[in-house]
Amino acid sequence: MEYYNASKIRSVRLKTGKSRESIGRHPWILDTSLVESVSPPRLGEQVDVLGGDGKWIGRGLFHPESRIRVRLYAWDPSDWISNELFDRRVAQALRLRRQILLKTPNSDSFRWINSEGDHLSGLIVDSFAGHLVIQITAAVILPFLDRIISQLVEELQPKSILLNIDEKTAKSEAIEPQDRLIVGQLPSEPVSIRENGLTWKVDLRGGQKTGSYLDQRDNRLAAASWTPAGAKVLDICTYTGGFALTIAKHARSKGVPCESVVAVDSSAKALELAKLNAQENGIEDQVDWHQGDFFEELSARVDRQETHDMIVLDPPKLAGSRDKVPKALAAYHRLNYLAMRCLRPEGILVSCSCSGRVGRWEFLDVLLGAARRAQRDMQILEIRGASADHPVNIHCPETDYLKCVIARVL
């Protein structure tokens, strides 16, 4: 597919009723929001977006086949979308992470660039102990990628850079999927990283997202701080053991180890890596691993009248699109209801949702409905989000995707 750019900027117009006030500085213009053009711009062409009233809103890059038809990168008419603009945005993102590094001495892996959260829609860069994984989610950013990579190499001097475009993104953006090494050498074995005083093995090629869920780093530590002394802990959707191992390790370091920690996941491959993580940290005897469906595992425990002092729920994204939200809300309700049935009085519930389509108030409403159905009282102790290296763009609610509620169930 040929990319196009020109010095003269064409404009696209939003449908009647859409204005700067309604769009704000949101970085996405969807195909359904635009008036159809007789001669639409080409892939990567820089366009001005005009409201239904004809007033200038912003400047972005056009994609004729993507549902996100325009990705906005500039909100000042004097700004040109160029390598220089992206240079400034990347530098701005790196400065924030250097501040975070100073505050997080016990971790060596971070998200350096968080797409819309850093005003770089379509670009994600994670670092795992010096190995970078670049995830592209927008075709229009590809012409700028070589310059961005050069800047990352100069500033961060990474051991390697892996470029990833997953199958779903490739299909929606009409580009080829990729999973290739573009700088340095990648270890044949999973990479060891440090997080919250623990060592973790991360499979950069075979892992979910860009290798690991870095966004939950601070939430795992917060959950560990709320673990009751000598607790029976159940971690549902443990993936590679993030919550389970953090809780077990920190409980033991306080001199009051958990009575038991049971971790459940449906993926045999994830559980193998979780067991390896347990061995790396010398706590392989602290956690029991179970492969199974999270609903079935919780339902079986309800049937057995089995109870726990703490339950962690960290399911995968349940609402990838708006039409899936009702089904996702029903699933979150059932999951939390079953968990409350398994919690002892004054037990701690750590309930997470990474579905960006489900808002914070919707998720809290799910917890309310589940508590009513279970006939339990609940005290919310903390309402948390992603770690600070995943900043939220206030103009883009979708960046506030991760919810983590820590509550006491009476």
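Here the calculated FRET efficiency for residue 225 and residue 182, from their Cβ-Cβ distance with R0 = 35 Å, stands at 0.30, rounded to the nearest 0.05. The value of relative contact order for the range 1-128, using C-alpha pairs under 8 Å at least six residues apart, is 20 percent. Normalising the average separation of contacting C-alpha pairs (under 8 angstrom, six or more residues apart) by the number of residues puts the relative contact order of the range 8-64 at 44 percent.
Give me the percent of DSSP beta bridges within the chain that run antiparallel, rounded to the nearest 5. The antiparallel fraction comes to roughly 65 percent. Counting every other Cβ atom within 10 Å of each residue's Cβ, 162, 271, 381, 349 order from fewest to most as 381, 271, 162, 349.
Mind giving me the FRET efficiency for residue 307 and residue 194? R0 is 41 Å, r the Cβ-Cβ distance, nearest 0.05 is fine.
The calculated FRET efficiency here is 0.75.
Charge dipole (Cα centre; +1 on Lys/Arg Cβ, -1 on Asp/Glu Cβ; no other charges) of the chain amounts to roughly 880 debye.
Between residue 323 and residue 36, residue separation times 0.36 nm minus the direct Cα-Cα distance comes to 100.9 nm.
For the range 10-74, a crude dipole built from +1 on the beta carbon of Lys and Arg and -1 on the beta carbon of Asp and Glu, taken about the Cα centre, is about 120 debye to the nearest 20.
For the chain, what does the equivalent ellipsoid look like in terms of its semi-axes, each the square root of 5 times an eigenvalue of the Cα gyration tensor, given largest first in whole Å? Walk me through the numbers on the way to the answer.
Numbers: eigenvalues 326, 132, 60 Å².
They are 40, 26, 17 Å, listed from largest to smallest.
Cβ crowding within 10 Å ranks 314, 288 as 288, 314, fewest other Cβ atoms first.
Residues whose amide H comes within less than 5 Å of that of residue 58, counting only those at least five positions distant or on another chain, are 49 (H built at 1.01 Å from N in the peptide plane).
Using only the C-alpha atoms, the convex hull of the range 83-189 corresponds to 106 Å³ per residue.
Distance from a point 7 Å along Cα→Cβ of residue 360 to each backbone N in the range 373-400: keep the residues under 20 Å and list them by number. Output list for this probe position: 378-400.
Model label points for residue 344 and residue 150, set 7 angstrom from Cα along the Cα-to-Cβ axis, are 6.2 nm apart. Working note: 222 nm ellipticity from helices only, DSSP H runs with n ≥ 4, each -39,500 (n - 2.57), summed and divided by the residues of the chain, gives -9000 deg cm²/dmol to the nearest 500.
Were the residues from residue 11 through residue 67 laid out at 0.36 nm apart, the gain over their Cα-Cα distance would be 18.4 nm. Simple spin-label estimate for residue 398 and residue 157 gives 3.7 nm between the two label positions (7 Å along the Cα-to-Cβ direction from each Cα).
Take the Cα of residue 25, go 7 Å toward its beta carbon, and the backbone nitrogen atoms of the range 34-55 under 20 Å from that spot belong to 47-51, 55. Expressed in units of 2.2 N^0.38 Å, where N is the residue count, the Cα radius of gyration of the range 213-409 is 0.97.
Hey, what's the Cα Rg ratio for the range 10-74 versus the globular rule of thumb, 2.2 N^0.38 Å?
It is 0.95.
If Rh is defined by the Kirkwood formula over all Cα pairs and Rg also comes from Cα, what ratio Rg/Rh do you get for the range 1-128? With Rg and the Kirkwood Rh in hand, the quotient comes to 1.05.
With the simple spin-label model, which puts each label point 7 Å out from Cα in the Cβ direction, the residue 267 to residue 284 separation comes to 2.2 nm.
Computed with the Debye formula from one identical point scatterer per Cα of the range 173-315, without solvent, the log10 of I(q)/I(0) at q = 0.10, 0.11, 0.15 Å⁻¹ comes to -0.36, -0.43, -0.75. Taking every DSSP bridge with both residues inside the range 83-189, close to 75 percent are antiparallel. Can you return the lysines within cross-link range of residue 168? Criterion is Cα-Cα under 17 Å, with same-chain partners fewer than 8 residues away left out. Candidates past the 8-residue exclusion: 209, 317, 324.
Rg of the Cα atoms in the range 192-276, relative to 2.2 N^0.38 Å, amounts to 1.05. Scanning residues 5 or more positions from residue 112 or on other chains, those with amide H under 5 Å from its amide H are 125, 126, 127, with H placed 1.01 Å from N in the peptide plane. The slack between residue 55 and residue 170, meaning 0.36 nm per residue of separation minus the straight C-alpha distance, is 38.1 nm. Over the range 183-295, Cα pairs under 8 Å with separation of 6+ residues give a relative contact order of 23 percent. Within the range 265-410, antiparallel bridges make up roughly 70 percent of the DSSP beta bridges whose residues both belong there.
No value in this document is a laboratory result; all are computed from the given coordinates. For clarity, every value in this text was computed on a predicted model and none was experimentally measured. FYI the Cβ positions are ideal-geometry reconstructions off the backbone, even for glycines, and counts take in every protein chain you see.
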